[in-house]
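First up is the structure itself, then whatever we jot down about it.
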């Protein structure tokens with residue numbers, strides 16, 4: 001019995017997001033924030049969130065003037081990173097105000 005091993009296809013790394021792309025992403029998320037930021041996790045709402053992200057990805061790639069196409073998963077990850085960095089900065093600002 002022979003086992004056939006398929007090597008994983010490695011995708012080429014895309015370039016970093018520039019400020020224009022981040023601004024466009026945040027503007028598109030703002031249009032769908034009621035779905036994307038909803039805390040519900042049931043199956044139907046998860047499908048709605050994925051559909052919203054897929055539509056957001058299509059709109060992003062149509063409106064993106066940089067010419068780099070991004071998948072909806074990449075955009076979602078970028079948005080989550082932006083949220084994390086923002087929350088981190090707010091916390092650091094609060095701590096510095098308390099101790100100064």
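Details
- Among the residues making up the range 8-29, those that are at pLDDT 85 or above and either surrounded by fewer than 18 Cβ atoms within 10 Å (Cβ to Cβ) or assigned to a loop (DSSP other than H, G, I, E, B) (or both) are 16, 17, 18, 19, 20, 22, 23, 26, 27.
- Applying the condition of being under 17 Å from residue 13 (Cα atoms) and in contact (Cβ under 8 Å) with a residue 60 or more places away in the chain to the range 47-100 and asking which residue is surrounded by the fewest Cβ atoms within 10 Å (Cβ to Cβ) yields 74.
- Filtered residue count, the range 17-37, keeping only those that are farther than 17 Å from residue 84 by Cα and either free of Cβ contacts under 8 Å to residues at least 40 places away in the same chain or over 12 Å from the mean Cα position of the chain (by Cα) (or both): 8
- Total residues in the range 45-75 satisfying the condition of being part of a helix (DSSP H, G or I) and within 16 Å of residue 19 (Cα to Cα): the figure is 5.
- Evaluation of residue 38 against (1) exposed (fewer than 10 other Cβ atoms within 10 Å of the Cβ); (2) modelled with pLDDT under 95 (one fails), failing number: (1)
The values are calculated or read from the model by the stated rules, or taken from the named source; none is laboratory data. Since the model is a prediction, treat every value here as computed from it, not as a measurement. All Cβ positions, glycine included, derive from the backbone under ideal geometry; neighbour counts span all protein chains shown.
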